[in-house]
Amino acid sequence: MTGPRIGVVGAGVIGMRHIAVLASDPRAFTLVAVADPAPAAEAVARSHGVPWFADYRQMLDACRLDGVVIASPNKLHTSTALTCLDRKVAVLIEKPIADTLEEALRVADASRKSGVPVSVGHHRRHNPLMTRAREFIDAGELGRMVAVVAFSLRRKNDGYFDMPWRREKGGGPLLINGIHEIDNLRMLCGEIDSVQTITSNATRGLAVEDTFAATLKFRNGALGTLTLSDAVQAPWDWNHTSGEEPEFAWEDQNSCMVCGTEASLAIPSLEHWRNENGGGRGDPCVRGRLYHVPADPVQRELLQFMRVIRGEEPPLMSAEEAGRTLACVLAMGQSAATGQWVNVDELYACVA
């Protein structure tokens, strides 16, 4: 027995990760084809014994597909998704779902009207350590949530910027990396009410930002900060601290602290702290630790996509939910441009 028949659009870094997982277990997945105009993609397809297409529409014409993984450049996500939905093929779209909120909502609307499911690749939601952290918070262990501190601080090598789009506005850490951190915060802390953000490109001097800092207000009353830079020598980011991606050296550090009236939780170590005697400022803190069984979140994401295709469950990350995360990031960009607080719901309502 083989799994649902899947085509992959885009054979870059993220696309290759999907292709590797899809090719790893024929009982769960059936990799059918790869579509990408880059010449190197043909060799990738050949190495897995599947046909290569320069144009994804040729793939849709030639192959019987149950689903498509869209890992192409962001600006192509919407048009590719709409074409697949029109042909009744389920899609898993890599994050961000789209470049604009209008496009994200077009995809959500097309999915709703066609009845064809859309999943969005915020793969950290499939990571067992994030699930365990959310269970701890949802159980009320923190008491009332008060403050959140999150950061992603590391350095991207110079070769990363050889691709021109990564040197231009929209190709920087705010949208490419910040969207991951914002979705983490939404998963753990609930909806973000409003944001105020400042950005800087002073370190590299490129058109795109290399650093940003944001202040966040959550609907539950908590306040938070998010600081991100891809131009510093530091290990304090998800890739280095979570152990999620083996190509990154693991560091025994954290990149997020969620703090409440009864306890606080550090992520991704899952260490939690509370006062031994219930609260005086001189009381010692007692440390505990949550445990989880590690698993590859991309594999779990694709396994969930298979169940979505078969109609066994709804997407863990729907187009609408991904649109909410995108709205938060776009609000941060608008705030950086205007210097003002931006209300996320108001921004979303202007488009919806």
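The values are calculated or read from the model by the stated rules, or taken from the named source; none is laboratory data. Nothing here was measured: the structure is a model prediction, and the numbers come from that model. All Cβ positions, even for glycine, are placed from backbone atoms using ideal geometry, and neighbour counts span all protein chains on display. What goes into the accessible areas is simple: the full protein's heavy atoms, side chains included, and nothing from ligands, DNA or RNA. Shrake-Rupley method; radii C 1.70, N 1.55, O 1.52, S 1.80 Å.
Of the trypsin sites (Lys or Arg not before Pro) found in region 306-346, the ones in coil according to DSSP and having at most 15 other Cβ atoms within 10 Å of their Cβ are R310.
Per-residue packing, averaged as other Cβ atoms within 10 Å, sorts the ranges 50-59, 199-208, 117-126 into the order 117-126, 50-59, 199-208, beginning with the highest. The packing ranking of peptides 295-302, 240-247, highest mean first, is 295-302, 240-247, where packing means the average number of other beta carbon atoms within 10 angstrom of each residue.
Between region 8-41 and region 43-88, the C-alpha centres lie 10 angstrom from each other.
Taking all protein chains in place and a 1.4 Å probe, what share, in percent, of the accessible surface of region 252-352 do carbon and sulfur account for? That share works out to 48 percent. Dividing the summed -39500 (n - 2.57) terms of all DSSP H runs of n ≥ 4 by the residue count of the chain sets its mean residue ellipticity at 222 nm at -10500 deg cm²/dmol.
Around the amide H of G3, modelled in the peptide plane, lie the amide H atoms of A28, F29, T30, all under 5 Å away and 5 or more residues distant in sequence or on another chain.
Let me make sure I get this right: for region 311-352, a, b and c are the square roots of the gyration tensor eigenvalues over alpha carbons, sorted descending. Under 1.5 in a/c it's rounded, otherwise prolate if a/b > b/c, else oblate. Which is it? It comes out prolate by the Cα gyration axes. For a straight C-alpha distance cut-off of 20 angstrom, the lysines reachable from K88 (same-chain residues fewer than eight places away being disregarded) are K113.
Please build a GNM for the chain, connecting alpha carbons under 10 Å apart, and tell me which residue among G170, G159, G140 fluctuates the most. Result for the chain, Cα springs under 10 Å: G159 fluctuates most.
Using the 1.4 Å probe convention, the accessible area of the chain works out to 46 Å² per residue with neighbouring protein chains retained.
Using Stokes-Einstein with the Kirkwood hydrodynamic radius over Cα pairs, what translational diffusion coefficient do you get for the chain at 37 °C and a viscosity of 0.692 mPa s, in µm²/s rounded to a whole number?
Details: Rh = 21.2 Å.
The estimated diffusion coefficient comes to 155 µm²/s.
When nucleic acids and ligands are ignored and a 1.4 Å probe is applied, E312 ends up with an accessible area of around 110 Å². Measure nothing fancy, just the Cα-based angle from helix 101-114's long axis to the longest principal axis of the chain, in degrees from 0 to 90, nearest 10. In the chain, helix 101-114 runs at an angle near 60 degrees to the longest axis. Residues in region 19-24 carry Karplus couplings, in order, of 4, 4, 5, 4, 7, 7 Hz; the curve used is 6.51 cos²θ - 1.76 cosθ + 1.60 with θ = phi - 60°, and Gly or Pro positions show x.
Could you tell me whether region 81-173 comes out rounded, prolate or oblate from its Cα gyration tensor? Rule is a ≥ b ≥ c as square roots of the eigenvalues, rounded for a/c under 1.5, then prolate if a/b exceeds b/c, otherwise oblate. Note, shape of region 81-173 comes out oblate.
What aspartates and glutamates does K75 reach when the alpha-carbon gap must be under 12 Å and sequence neighbours fewer than 8 apart in one chain are set aside? Here the aspartates and glutamates satisfying the reach criterion relative to K75 are E94, D99, E103. What separates the Cα centres of region 130-160 and region 305-352 is a distance of 18 Å.
Ignoring aspartates and glutamates fewer than eight residues from K156 along the same chain, the ones with Cα atoms less than 15 angstrom from its Cα are E209, D210, D230, D237, E247. Scan region 240-282 for chymotrypsin sites (Phe, Trp or Tyr not before Pro) in coil per DSSP, keeping those whose Cβ has at most 15 other Cβ atoms within 10 Å, and list them by number. Listed in order of number, the matching sites are W250. In this structure, the amide hydrogen of T211, modeled 1.01 Å from its nitrogen in the peptide plane, lies closer than 5 angstrom to those of S200, counting only residues at least 5 positions away or on a different chain. Among 69-78, 4-13, 105-114, 334-343, sorting by the average number of other beta carbon atoms lying within 10 angstrom of each residue, highest first, gives 4-13, 69-78, 105-114, 334-343.
Considering only alpha-carbon pairs that sit under 8 angstrom and 6 or more positions apart, the relative contact order computed for the chain is 19 percent. For region 220-352, the square roots of the Cα gyration tensor eigenvalues, ordered a ≥ b ≥ c, give a/c of at least 1.5 with a/b no greater than b/c, which places it in the oblate category. Annotation: amide H of F53 within the under-5 Å range of V34, A35, D36, sequence separation 5 or more or interchain, hydrogens built in the peptide plane.
Bridge orientation summary for the chain: considering DSSP beta bridges with both residues in this region, about 55 percent are antiparallel.
Expressed as a whole percentage, what fraction of the accessible surface of region 10-120 belongs to carbon and sulfur atoms when a 1.4 Å probe is rolled over the protein heavy atoms? List each step's numbers first, then the result.
On the way: 2640 of 4800 Å².
Of the solvent-accessible surface of region 10-120, carbon and sulfur hold 55 percent.
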